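Novice: Could you have a look at this structure, given as structure tokens, before my questions?
The values are calculated or read from the model by the stated rules, or taken from the named source; none is laboratory data. Because the structure is a prediction, the values reported are computed rather than measured. Here Cβ is always computed from backbone atoms with ideal geometry, including for glycine, and neighbour counts include all displayed protein chains.
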Ligand code: SF4
Ligand code: SF4
């Protein structure tokens with residue numbers, strides 16, 4: 001399998017790389033027709049399950065850990081390897097391929113052993129979606145300006161994939177329904193937006209190490225994120241209504257959606273969560289004191305420099 005194909009399954013998840021040669025140039029809509037079918041009878045069956053980079057979203061990890069009845073930290077250690085997302089400094093994980101044959105640990109000659117819970121990238125393939133709403137831009141004051149909706153679909157056509165030689169024709173909408181990607185779209189959207197935001201604004205500031213650690217923890221291990229919410233000063237800092245608290249206590253999907261809001265607020269200053277006023281004031285005072293200390297230090301340094309040059 002070529003290096004190009006290793007880009008492909010990541011490509012289908014994020015959908016925003018510069019036109020690799022195996023991406024057909026047409027912009028498709030939900031009603032566009034594609035001729036494609038993948039089934040155990042194709043000559044290339046499971047050819048696309050090796051030599052690939054499959055990024056896992058938080059929902060992918062949740063579904064796979066439920067399927068394998070394994071805690072997230074164990075799953076992450078056994079089946080994944082760390083990576084950076086979309087050439088940013090945001091840490092994530094991808095499936096760790098088998099050392100002996102460079103193939104996905106879930107593939108067998110009979111097919112995918114986790115098929116109904118397979119990751120989003122595997123579901124989307126070979127039809128990707130580009131959503132240019134994800135990144136947004138900032139005005140002169142650094143406030144986010146949401147981009148206009150500009151969503152389209154595209155087909156990734158690789159030489160080894162014989163599914164395009166099958167005579168099944170359907171619309172992109174029908175293909176997506178068949179693959180069950182609508183739920184994935186919904187579950188992944190805000191997380192993908194976090195990554196695309198970072199990609200859009202990346203050069204302006206570096207994410208701190210604690211911010212990166214928090215993003216990684218919330219994105220890969222919901223049990224740890226739940227402990228962070230309920231066993232730290234989190235609920236003393238943020239205003240969270242009782243209904244939400246009840247939901248996120250026991251429901252992993254609700255907690256995951258909540259984690260996206262928290263990350264948008266903590267990492268990008270998006271107004272998705274409200275900080276309690278007393279905490280906000282304390283934070284502002286702390287920042288003012290820090291700024292004051294820094295000004296005083298600069299004045300002292302300057303005075304010392306002056307004295308030294310006059311001596
Ligand atoms: S998870 Fe399943 S579909 Fe995806 S690469 Fe692995 S074996 Fe193939
Ligand atoms: S037809 Fe394409 S998607 Fe299906 S197994 Fe073959 S390479 Fe993979």
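Novice: Note down all Cβ pairs under 7 Å where the first residue falls in segment 114-126 and is touching a residue at least 40 places away in the same chain (Cβ under 8 Å) and under 20 Å from residue 22 (Cα atoms), the second is within 12 Å of ligand 2 (Cβ to nearest atom) and not in a helix (DSSP H, G or I), and they're at least six residues apart or on different chains.
Specialist: If the second residue must be within 12 Å of ligand 2 (Cβ to nearest atom) and not in a helix (DSSP H, G or I), the pairs left are 125/156; 126/36; 126/155; 126/156; 126/157; 126/161.
Novice: Find the strands (runs of 3 or more DSSP E) located wholly in segment 64-133 whose residues include 1 or more that are closer than 27 Å to residue 157 by Cβ, within 16 Å of ligand 2 (Cβ to nearest atom) and under 21 Å from the mean Cα position of the chain (by Cα), and list them.
Specialist: Once the strands (runs of 3 or more DSSP E) in segment 64-133 are filtered for at least 1 residues that are closer than 27 Å to residue 157 by Cβ, within 16 Å of ligand 2 (Cβ to nearest atom) and under 21 Å from the mean Cα position of the chain (by Cα), what remains is 91-95, 127-131.
Novice: Is at least one residue of segment 53-73 in contact with a strand residue (DSSP E or B) (Cβ under 8 Å, 6 or more places away or on another chain), farther than 28 Å from residue 254 by Cβ and more than 12 Å from ligand 1 (Cβ to nearest atom)?
Specialist: So far as segment 53-73 goes, no, none of its residues is in contact with a strand residue (DSSP E or B) (Cβ under 8 Å, 6 or more places away or on another chain), farther than 28 Å from residue 254 by Cβ and more than 12 Å from ligand 1 (Cβ to nearest atom).
Novice: Taking only pairs six or more apart or across chains, which ones have beta-carbon atoms under 6 Å, a first residue in segment 45-70 that is touching a residue at least 60 places away in the same chain (Cβ under 8 Å) and under 17 Å from residue 162 (Cβ atoms), and a second residue that is in a loop (DSSP other than H, G, I, E, B) and away from ligand 1 (no atom under 12 Å from the Cβ)?
Specialist: Every condition considered, the pairs that remain are 47/160.
Novice: Taking the residues in segment 188-222 that are surrounded by 13 or more Cβ atoms within 10 Å (Cβ to Cβ) and more than 20 Å from residue 14 (Cα to Cα) as candidates, determine which candidate is modelled with the lowest pLDDT.
Specialist: The residue in question is 207.
Novice: Identify all residues within segment 27-40 that are assigned to a loop (DSSP other than H, G, I, E, B), more than 10 Å from ligand 2 (Cβ to nearest atom) and farther than 15 Å from residue 128 by Cβ; write none if there are none.
Specialist: Scanning segment 27-40 gives a single hit, 31.
Novice: So the check is Cβ under 6 Å with 6+ separation or different chains; which pairs have a first residue in segment 154-169 that's under 10 Å from residue 125 (Cβ atoms) and in a loop (DSSP other than H, G, I, E, B) and a second one that's modelled with pLDDT under 95 and away from ligand 1 (no atom under 16 Å from the Cβ)?
Specialist: Once the first residue is under 10 Å from residue 125 (Cβ atoms) and in a loop (DSSP other than H, G, I, E, B) and sits in segment 154-169, its partners that are modelled with pLDDT under 95 and away from ligand 1 (no atom under 16 Å from the Cβ) give 158/22.
Novice: Would you mind finding the one in 297, 261 that is surrounded by 13 or more Cβ atoms within 10 Å (Cβ to Cβ) and out of contact with any helix residue (DSSP H, G or I) (no Cβ under 7 Å at 6 or more places or on another chain)?
Specialist: 261
Novice: Which one of the conditions (1) within 25 Å of residue 218 (Cα to Cα); (2) at pLDDT 95 or above; (3) within 15 Å of ligand 1 (Cβ to nearest atom) does residue 113 fail to meet, given that it meets all the rest?
Specialist: (1)
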